[in-house]
Amino acid sequence: MFVATFAIATPASAGTIVVAPGESINDAVASAQPGDTIQLQAGVYEDVVVIKTNDITIQGVGSGIDGSILRPPTDLPGRCFGGIAGICVRGNGQTGTPVSGVTITGVRAEAFLAFGFVALLAENLTLEDNAGVDNGEYGLAAFESSGVVMRNNVASGNALAGLYVGDSPIADATLEGNEAFDNAYGLFLRDAKIGTVTANTIHDNCIGILVFNTSSPIHAARWTITANTIENNSRFCPGGGGGDPSLSGIGIAIAGGRRNTIEGNVIQNNQTNRNVAFHGGVVLIRFDFAPKNNTVTGNTLVRNRPNVFTDGSGSGNVIADNDCTPHC
C-alpha cells in the first residue's frame with residue numbers, strides 16, 4: 001500500500017520540478033541538475049533537505065504562515081548532521097570544494113534542533129525572502145563560506161542567533177533588509193572578514209549585532225555596518241556555565257574586532273535593568289583580542305544606557321561625530 005500511494009514529485013517543465021506537501025523536497029533536489037528550479041507549493045513539508053549540486057534554486061511561495069513551511073520530520077534522517085537543520089547547503093569537505101550558486105527564496109524553516117538554514121563551504125549562496133523561526137540555535141547561518149547574500153529574511157525566536165556568518169577568512173557577505181528579533185543575538189559575525197550589513201531592522205534581542213573575534217586566526221574584521229535600525233535590544237540572556245557573561249541592553253558590540261565601520265545607523269532604546277558586565281548603544285570591549293582601528297561615526301544614538309561604552313582597551317578606535325541624546 002505504501003508503494004502504491006507514495007507521491008513522487010514530477011517535472012512540470014524542463015528545468016522545473018514542482019513539489020507539493022507530502023512529497024519530498026530532498027528527493028527533488030537529489031534528482032535536480034545544475035540550473036534547475038524546485039518550486040514548492042503552499043503548505044507544510046516535514047523534511048530535511050541537503051543541497052550539494054551547483055546552481056540549484058528552491059523557490060517557495062512565501063515565508064509566512066500561509067506559505068511554504070518546512071518542519072522537522074518525526075524520525076530525523078541521518079543527512080544534514082543527523083537532521084538538525086531544515087536546509088543544508090554543503091560543499092565537499094574532503095576536497096574543500098564549495099557548492100556554488102544556490103538560491104533559496106520564499107521558504108519558512110521552523111522548530112529545527114539547530115538551524116533553519118545552514119551553509120557549510122558555500123560560494124555565492126543567496127538566501128532571500130525566507131524565515132528562520134524558533135530554531136534551537138540559528139535561523140540562517142553560513143560557515144566557511146564566501147559571497148553569501150542574506151536579503152529580506154526574517155529571523156525570530158532562535159535560541160542563539162537570527163543571522164550568522166562565521167569562520168570565513170574572506171566572507172565577502174551581504175546582509176541587507178533583514179529583520180531579526182526575539183533571538184539572543186540578532187546578527188552574529190564571528191571570526192569572519194569582509195562584508196556589508198545594510199538597512200536591516202534588528203530589535204528586541206539581547207544583543208542587536210555582535211562582531212566577535214575569538215582566538216581564531218581569522219579576525220572579525222572589515223565589516224561595514226550602515227543604515228540599520230537597531231532598537232529595544234533589552235531582552236535578558238543569562239550567562240552559561242562555561243563562564244559566558246549574561247547579556248542585555250546592547251545595540252552593537254565589537255568584541256575584539258578590527259577595522260570595522262559603524263556609520264549612519266539609528267541605535268536607540270537599548271537598555272537593561274539587569275546586572276550585566278557591559279551594555280550600551282555601541283560597545284567596544286576586549287575578548288581574546290582588544291578591539292583595534294574600528295570607526296564609530298555619524299550614528300544617531302538615542303536613549304541607550306549608555307549611548308557608547310568602551311572598556312578602554314585597544315588602539316586606533318575612532319568614536320566621533322555621532323548625534324547622541326542625551327549625550328555620548
Worksheet item: If you check Phe112 against the conditions, is it part of a helix (DSSP H, G or I) and either touching an Asp or Glu at 6+ places or on another chain (Cβ under 7 Å) or farther than 24 Å from Asn213 by Cβ (or both)?
Response: no
Discussion item. I want to confirm something. Restricting to the stretch 39-84 and keeping residues that are free of Cβ contacts under 8 Å to residues at least 40 places away in the same chain and among the aliphatic types (A, V, I, L, M), which single residue is nearest to Pro21 (Cα to Cα)?
Written reply: Val44
Worksheet item: Can you tell me which residues in the stretch 150-183 are acidic (Asp, Glu) and at positive phi?
Response: Asp167, Asp172, Asp182
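Go through the stretch 110-149 and count every residue that is crowded, with 24+ Cβ neighbours inside 10 Å and farther than 18 Å from Ala171 by Cβ. Don't jump to the end; show me each part of the working.
Filtering the stretch 110-149 down to residues crowded, with 24+ Cβ neighbours inside 10 Å leaves 112, 115-119, 122, 125, 127, 130-132, 135, 138-142, 145, 148.
This time we only want the ones that are farther than 18 Å from Ala171 by Cβ, so: 112, 116, 130-132, 135.
Result for the stretch 110-149: 6.
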Fill in: Qualifying positions in the stretch 131-154 - touching an Asp or Glu at 6+ places or on another chain (Cβ under 8 Å) and farther than 15 Å from Thr105 by Cβ
Val133, Asp134, Asn135, Phe143, Glu144, Ser145, Ser146, Gly147
Fill in: Out of Gly242, Gly249, Gly281, sole residue that is among the small types (Gly, Ala, Ser) and without any contact (Cβ under 8 Å) to a residue 24 or more places away in the chain
Gly242
Worksheet entry | Selection from the stretch 306-325 of residues that are outside any loop (DSSP other than H, G, I, E, B), crowded, with 16+ Cβ neighbours inside 10 Å and not aliphatic (A, V, I, L, M) | Phe309, Thr310, Cys324
Discussion item. For the list (1) touching a residue at least 40 places away in the same chain (Cβ under 8 Å); (2) within 22 Å of Ser216 (Cβ to Cβ), I need the number of the one condition that Asn153 fails.
Written reply: (2)
Worksheet item: Which of the residues spanning the stretch 75-108 are assigned to a strand (DSSP E or B), out of contact with any Ser or Thr (no Cβ under 9 Å at 6 or more places or on another chain) and within 13 Å of Val48 (Cβ to Cβ)?
Response: Ala85, Gly86, Ile87, Cys88, Arg90
Worksheet item: Are any residues in the stretch 151-193 crowded, with 18+ Cβ neighbours inside 10 Å, among the acidic types (Asp, Glu) and more than 17 Å from Asn228 (Cα to Cα), and if so, which ones?
Response: Asp172, Asp191
Discussion item. Suppose we filter Gly78, Gly67, Gly82 for residues that are among the small types (Gly, Ala, Ser) and either modelled with pLDDT under 95 or surrounded by 15 or more Cβ atoms within 10 Å (Cβ to Cβ) (or both); which single one remains?
Written reply: Gly67
Worksheet item: For Gly93, are the conditions met, namely being modelled with pLDDT of 95 or more and of a type in the set (Gly, Ala, Ser)?
Response: no
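The values are calculated or read from the model by the stated rules, or taken from the named source; none is laboratory data. Everything quoted here is computed from the prediction, not taken from an experiment. Virtual Cβ from ideal backbone geometry, glycine too; neighbours counted across all protein chains shown.
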